[in-house]
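> Below is one structure. I have some questions about it.
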Amino acid sequence: MVVLTFFNHAGGVAKTSTIRDLGYVLAESGRRVLLVDMDPQANLTKWLGVDDDVELAETVYPAILGAPDADGEDEDGELLLPRPRRVHGMDLIPAHLNIAIIEREVLSVFMGVLRLREAVRRLEGYDYVLIDPPPSLGQLSALAVVAADSVVVPLPTNRKGLDGIQTVIKMVREYRKAAPGLDIVLFVLTQHDRRTRHDRESHDIITAQLPSLAPISSPLSSRPAYYSDAQVEGMPIPVYAPGSEADQEIRKVASELLAALGRRR
Ligand SMILES: Nc1ncnc2c1ncn2[C@@H]1O[C@H](COP(=O)(O)OP(=O)(O)O)[C@@H](O)[C@H]1O
Ligand SMILES: [Mg+2]
């Protein structure tokens, strides 16, 4: 089992979109995939078509703070992740607005930041666990990244992408103190608009400077219509637009991710 957290503290860099679509491609190829939504905004949950009432007991909450009704510990007193939902061939631990409570409460738990890491390591039956943190540097993000074996960094090929890189690298170094061996396995280039000179230049800067740190994926092109329509339909891009260029780009990045993970072993 490989646990990957898609980390970039900036919002709007396509963490959630990339998890949804790469998760789908991995599952479609026969791998057993669990997605974990750690963002109180619950975009991943909604974009996979889960919009009925999610209960707090179905989220990461019980694995970190105990069941909301204080009844969620198993016989050994271990905190467990709840039974997931099934969506588009993947398992999903959905999010709920009130997982935001974890930000504050986990601070009063001894070694609380390790709780998700411990719960995820008790899972059985998955090849890939993909974790989607919120766009912040708070405790939910720390829990998410510390739970991982490796970090995937979604990076838009623009000013925002370039500006965030130093902080991402610094934070991964910090998180490594609680998660020995944590590395960056792949930079995934997102929202690339090759028609603008700004994006082409940013792309060239990134591909010139980052390879010493981790491999860089081929770009996922900016396609606002596809991405917003797929969200409304509650579908990953490969389901919404099978065979499209957008679909092909995602499949290419999925194979680049597998290759990067293979080289890491
Ligand atoms: N390749 C793309 N082309 C166009 N829009 C995109 C693309 N990838 C993501 N988006 C859009 O950008 C916004 C931010 O993406 P999201 O996945 O929510 O990022 P994050 O999780 O990092 O905040 C969303 O509205 C999403 O639809
Ligand atoms: Mg998100």
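> Please work out which one of (1) closer than 19 Å to L56 by Cα; (2) among the small types (G, A, S); (3) surrounded by 23 or more Cβ atoms within 10 Å (Cβ to Cβ) is the condition A100 fails and give its number.
(3)
> Suppose we keep only residues that are within 16 Å of ligand 2 (Cβ to nearest atom), of a type in the set (A, V, I, L, M, F, W, C) and closer than 19 Å to V239 by Cβ within segment 1-55. Which one would you say is surrounded by the fewest Cβ atoms within 10 Å (Cβ to Cβ)?
Looking at the filtered set, the residue picked out is V50.
> Give me the helices (runs of 4 or more DSSP H) completely within segment 37-156, filtered to those with at least 2 residues that are within 15 Å of ligand 1 (Cβ to nearest atom) and either of a type in the set (A, V, I, L, M, F, W, C) or at pLDDT below 95 (or both), ordered by residue number.
Where helices (runs of 4 or more DSSP H) fall fully within segment 37-156 and carry at least 2 residues being within 15 Å of ligand 1 (Cβ to nearest atom) and either of a type in the set (A, V, I, L, M, F, W, C) or at pLDDT below 95 (or both), they are 43-47, 139-146.
> Residue check: is S217 crowded, with 19+ Cβ neighbours inside 10 Å and at pLDDT 95 or above?
Against the criterion (crowded, with 19+ Cβ neighbours inside 10 Å and at pLDDT 95 or above), S217 qualifies.
> While we're looking at this one, here's another question. Can you name the residue in segment 138-182 that is out of contact with any strand residue (DSSP E or B) (no Cβ under 7 Å at 6 or more places or on another chain) and among the hydroxyl-bearing types (S, T, Y) and is also surrounded by the most Cβ atoms within 10 Å (Cβ to Cβ) among such residues?
Top of the filtered list is S141.
> Give me a count of the residues in segment 193-240 that are more than 12 Å from ligand 1 (Cβ to nearest atom) and hydrophobic (A, V, I, L, M, F, W, C).
So the answer is 9.
> Could you list, in sequence order, the residues of segment 1-30 that are more than 16 Å from ligand 1 (Cβ to nearest atom) and touching a strand residue (DSSP E or B) at 6+ places or on another chain (Cβ under 6 Å)?
V2, V3, L26, A27
> Taking the condition of a type in the set (D, E), in contact (Cβ under 8 Å) with a residue 12 or more places away in the chain and surrounded by 18 or more Cβ atoms within 10 Å (Cβ to Cβ), does D199 pass?
Yes; evaluated as a whole, the condition is true for this residue.
> When the residues of segment 220-232 are filtered to those that are of a type outside the set (A, V, I, L, M), farther than 13 Å from R20 by Cα and in a helix (DSSP H, G or I), which remaining residue is nearest to ligand 2 (Cβ to nearest atom)?
S228
> Scan segment 217-234 and give yes if some residue there is under 19 Å from H88 (Cα atoms) and in contact with a Leu (Cβ under 8 Å, 6 or more places away or on another chain), otherwise no.
Scanning segment 217-234 turns up at least one residue that is under 19 Å from H88 (Cα atoms) and in contact with a Leu (Cβ under 8 Å, 6 or more places away or on another chain).
> Of the numbered conditions (1) more than 16 Å from ligand 2 (Cβ to nearest atom); (2) under 25 Å from V13 (Cβ atoms), P135 satisfies every one except a single condition; which is it?
(1)
> Any residue in segment 177-193 that's under 17 Å from P154 (Cα atoms) and modelled with pLDDT under 95: show its pairings with residues that are among the polar types (S, T, N, Q) and in a strand (DSSP E or B) at Cβ separation under 8 Å, as long as the two are six or more apart or on different chains.
none
The values are calculated or read from the model by the stated rules, or taken from the named source; none is laboratory data. Keep in mind that what you see is a predicted model, and the values were worked out from it rather than measured. Don't worry about glycine lacking a Cβ; one is built from the backbone with ideal geometry, like all the others, and counts go over all protein chains shown.
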